[in-house]
Structures are given as structure tokens and as C-alpha cells.
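Novice: This is the structure I have questions about; it appears just below.
The values are calculated or read from the model by the stated rules, or taken from the named source; none is laboratory data. From a predicted model like this one, the values you see are computed outputs, not experimental measurements. When we count neighbours, we look across all protein chains shown, and the Cβ atoms used for this are built from the backbone with ideal geometry, even at glycine. Heads up: the accessible areas ignore ligands, DNA and RNA and are worked out on the full protein's heavy atoms, side chains in. Shrake-Rupley method; radii C 1.70, N 1.55, O 1.52, S 1.80 Å.
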Amino acid sequence: MGSERMEMRKRQMSVQQESAAGGTAPAQQDQPSQANPRGSNACCFCWCCCCSCSWLKCVTFKNEDRDERNRKASYDVKEGTSDCEDCPNPTLEDVRTWGQSFDKLMCCPAGRNSFRQFLRTEFSEENMLFWLACEEFSKETNKSVIEEKARLIYEDYISILSPKEVSLDSRVREAINRNMPEPNLHTFDDAQLQIYTLMQRDSYPRYLNSLAYKNLLKPLSEQSPES
């Protein structure tokens, strides 16, 4: 009897051990499946980080590219507005004649350059630029070139959307608008004359009294043997 009990107890213990082993095994097998969500989350986190980094790099690149374009455009504008007509240095006689009449000033390339630099300080350089553009325009003979240059002049100096729009009265502006579908060499004649008169009456007297003109005249006078 005692031996039978011992045998039964051994079997029970063996069954309990097997049950315990069988219960832990699934738990151990379940562990990898529990780790999968963590792996998935980690992978998702890495993906999000990578996407965020890529997006930030893309935005940074676009911003840098935009800043570079703006800087380049600003540089081009400065270079364009600072370019003047090629001409020899003015003599004392040249500078003195500029003070005699506006016509003599505008007939001299060096005089136009000096006056243009003065207009730039008054933020009205577009008046001279428009007048010069009209002078070049009047020399064209090719019809297609005339149409293209007329469009450019209109967009740069006549359009109300242009930052370089010149001041014209409504009569002249309306006449230009009527002629723009079929522009010709005389499309901007009235506008050019109006801007020329504006510079003569408004800016020219201030130029003659400015340091720009006096500082140009003084050293030439001191170098002249006549003085």
C-alpha cells in the first residue's frame, strides 16, 4: 500500500511538472509576439523620424534656394540700376554747360549719368530709365522687335503693377492703352515728353543745387588753368 501511494504521488508530481512546463512554454512562445508590437512601434518611430528629417531637409533646401534666388535677384537689380552709359569723364566745360540748360545736360552721356545718379538718391531713377528706353525704342525698325520692346516698356514703366511705374496723366496713359494692341514707334512719344518735362521742372533745379553737382564742378574748376 505504501509503495502504491508513493508511486501515485510520483505520477502526480510528474503530471504537475509537465503541466507547469507546458504552461510556461506557451508564455515563452508568446513573448516574441509581444515583442512584435514594440518592434513595429520602433519601426514606425524610425519611419516617422526619417520622414520628418527628410521633410525638414526638403523645406530647408527650398528656403535656402528661395533665399539664394532673392539674393541673386536683388544683386541683379542693383547691378542693373548702377550700370550707366559708357562715356569719357566730363570736362569742366561739359559740367558748366549742364548748368546752362537741361537740354545740354540730357544731350551729354556723362551729364545723363550724373543726373541719373542724383535721381537715384531721390528714388526717381525710373524717370531717366523710361526716357532712355524710349530713346532706344525710337531707333527700332523691325516690327516684331518694336512690339516686344513696347510690351517690355509698358510692363516696366506704364503698368500700375510695376514698382518702376512713372507718373503720367490719365490722357497719356489711356492713349498708350489704346495703342498697345498694335504699337508703333510713336506709342510712347507723349509719355516720354511728359516725363522729360517733369524732370526738367522738378528734379533739374534741385540737381544744380545739390552736392552731387557742386562736388563734380569744384575739383574740375580747381584743376583748370583758367581758375
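Novice: Residue by residue through segment 175-198, note down the ones that are outside any loop (DSSP other than H, G, I, E, B), touching a Ser or Thr at 6+ places or on another chain (Cβ under 9 Å) and either open to solvent by 50 Å² or more (accessible area, probe 1.4 Å) or of a type outside the set (A, V, I, L, M, F, W, C) (or both).
Specialist: Residues of segment 175-198 outside any loop (DSSP other than H, G, I, E, B): 175-179, 189-198.
Narrowing the set further to residues that are touching a Ser or Thr at 6+ places or on another chain (Cβ under 9 Å) leaves 175-176, 179, 189, 192, 194-195, 198.
Within segment 175-198, N179, D189, Q192, Q194, L198 meet the criteria.
Novice: Out of all the residues in segment 94-101, is one or more on the phi < 0 side of the Ramachandran plot and touching a Ser or Thr at 6+ places or on another chain (Cβ under 6 Å)?
Specialist: no
Novice: Those residues that are more than 16 Å from D189 (Cα to Cα) and either acidic (D, E) or assigned to a helix (DSSP H, G or I) (or both), I need them from segment 157-170; list them, please.
Specialist: Residue satisfying the conditions is E165 alone.
Novice: I need a count of the residues in segment 97-132 that are hydrophobic (A, V, I, L, M, F, W, C) and touching a Leu at 6+ places or on another chain (Cβ under 8 Å).
Specialist: Total satisfying the criteria: 3.
Novice: When you go through T91, T141 one by one, which is the residue that is surrounded by fewer than 16 Cβ atoms within 10 Å (Cβ to Cβ) and closer than 30 Å to Y213 by Cβ? Talk me through it step by step, then tell me what you get.
Specialist: Values: T141 fails: closer than 30 Å to Y213 by Cβ.
After applying the criteria, what remains is T91.
Novice: Can you pull out every residue in segment 199-214 that is polar (S, T, N, Q) and either open to solvent by 100 Å² or more (accessible area, probe 1.4 Å) or modelled with pLDDT under 95 (or both)?
Specialist: Scanning segment 199-214 gives a single hit, N209.
Novice: Taking the condition polar (S, T, N, Q) and in contact (Cβ under 8 Å) with a residue 60 or more places away in the chain, does T187 pass? Write out each step before concluding.
Specialist: Working: polar (S, T, N, Q): yes; in contact (Cβ under 8 Å) with a residue 60 or more places away in the chain: no.
Spelling it out, it is not the case that T187 is polar (S, T, N, Q) and in contact (Cβ under 8 Å) with a residue 60 or more places away in the chain.
Novice: Another question, if that's okay. Answer yes or no as to whether L217 is closer than 18 Å to F102 by Cβ, touching a residue at least 60 places away in the same chain (Cβ under 8 Å) and outside any loop (DSSP other than H, G, I, E, B).
Specialist: Considered against the rule, which asks whether it is closer than 18 Å to F102 by Cβ, touching a residue at least 60 places away in the same chain (Cβ under 8 Å) and outside any loop (DSSP other than H, G, I, E, B), L217 comes out as yes.
Novice: Of the numbered conditions (1) modelled with pLDDT under 95; (2) open to solvent by 50 Å² or more (accessible area, probe 1.4 Å); (3) closer than 18 Å to P163 by Cβ, G80 fails exactly one; give the number of that condition.
Specialist: Failing condition for G80: (2).
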